[in-house]
1. State whether the residues of segment 18-27 include one that is at pLDDT 95 or above and more than 25 Å from I137 (Cβ to Cβ).
2. Checking L44 against (1) closer than 18 Å to L136 by Cα; (2) in contact (Cβ under 8 Å) with a residue 24 or more places away in the chain; (3) hydrophobic (A, V, I, L, M, F, W, C), which single condition isn't satisfied?
3. In segment 151-173, how many are out of contact with any strand residue (DSSP E or B) (no Cβ under 6 Å at 6 or more places or on another chain) and closer than 17 Å to A219 by Cβ?
4. Has segment 63-77 got at least one residue that is of a type in the set (S, T, N, Q), surrounded by fewer than 17 Cβ atoms within 10 Å (Cβ to Cβ) and modelled with pLDDT under 95?
5. For segment 184-202, name all the residues that are farther than 19 Å from A76 by Cα and either in contact (Cβ under 8 Å) with a residue 40 or more places away in the chain or basic (K, R) (or both).
6. Quick check on this structure: which one of T124, T52, T130, T78 is polar (S, T, N, Q), without any contact (Cβ under 8 Å) to a residue 12 or more places away in the chain, over 21 Å from F212 (Cα atoms) and out of contact with any Cys (no Cβ under 6 Å at 6 or more places or on another chain)?
7. In segment 182-203, how many are surrounded by 15 or more Cβ atoms within 10 Å (Cβ to Cβ) and more than 17 Å from the chain's Cα centre (by Cα)?
8. Within the bounds of segment 144-164, is there any residue that is within 24 Å of T52 (Cα to Cα) and either among the aromatic types (F, W, Y) or at pLDDT below 95 (or both)?
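The values are calculated or read from the model by the stated rules, or taken from the named source; none is laboratory data. In this text, all values refer to a predicted model and were calculated from it rather than measured experimentally. Every residue, glycine as well, gets a Cβ built from its backbone with ideal geometry; the counts of neighbours run over all protein chains shown.
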Amino acid sequence: MTVLARPAVETLAILRQVGVIPVVRSDSAEVAIRVTEVLIEAGLPIAEITLTVPNAIDVIAKLAQRTGAERILIGAGTVIDADGARRAILAGAEFIVSPGVVPDVIEAAKAAGVPVISGALTPTEILAATRAGADLIKVFPVKSLGGASYIRALRGPFPDLPLIPTGGVDLNNVADFIRAGATAVGVGSELVPREVLASGNYQSIAARAERFVTAVAHARRTV
């Protein structure tokens, strides 16, 4: 039995406040859990467990059991259908992330009172995600259309939409994304590289997590 989910408004506030959403992908459920524990220890209380992780629903359920000061905000990523969304939410996921605009996923999450981060890339897709009810927009893969400069360009027609650039965000450009108007950033292999997972050097993941959080906080102070 999982812990009671936070209200959606609280979940959204945490996502915005922390500003860094780690995307945890691995070929092992045990590694995904260990990486998330390392993120907690590094002071980054958020993890998006992709449904491509083996036994991802069980991973989400185990992590959602954490309570007290070490409780993490756990979400499900790469959700491509309503069934996946519902199963993740039943396991304890407190936010749902899709790689593209999937109205059925948005509808299932909203019916459960869980925030949705919908993937979108073009202005047309961003409008579709917004009209379908997405709470936040994951601009993915942002690197393919110019990185931070693309986020800045989107701020013209969409000055108030909460955009989360993902796909190519690293320590060298994360501050540029924040200054360009990003609400938060999604970070995958740039935070949890496959070669690091293979070597088991989890301490380097902790160090990267701390640097991402610090970089976002500093960039926000200079906007």
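1. No; the residues of segment 18-27 include none that is at pLDDT 95 or above and more than 25 Å from I137 (Cβ to Cβ).
2. (1)
3. Matching residues across segment 151-173 total 7.
4. Yes, segment 63-77 has at least one match.
5. Correct list: R194, L197, Y202.
6. Criteria check complete, one pass: T124.
7. 3
8. yes
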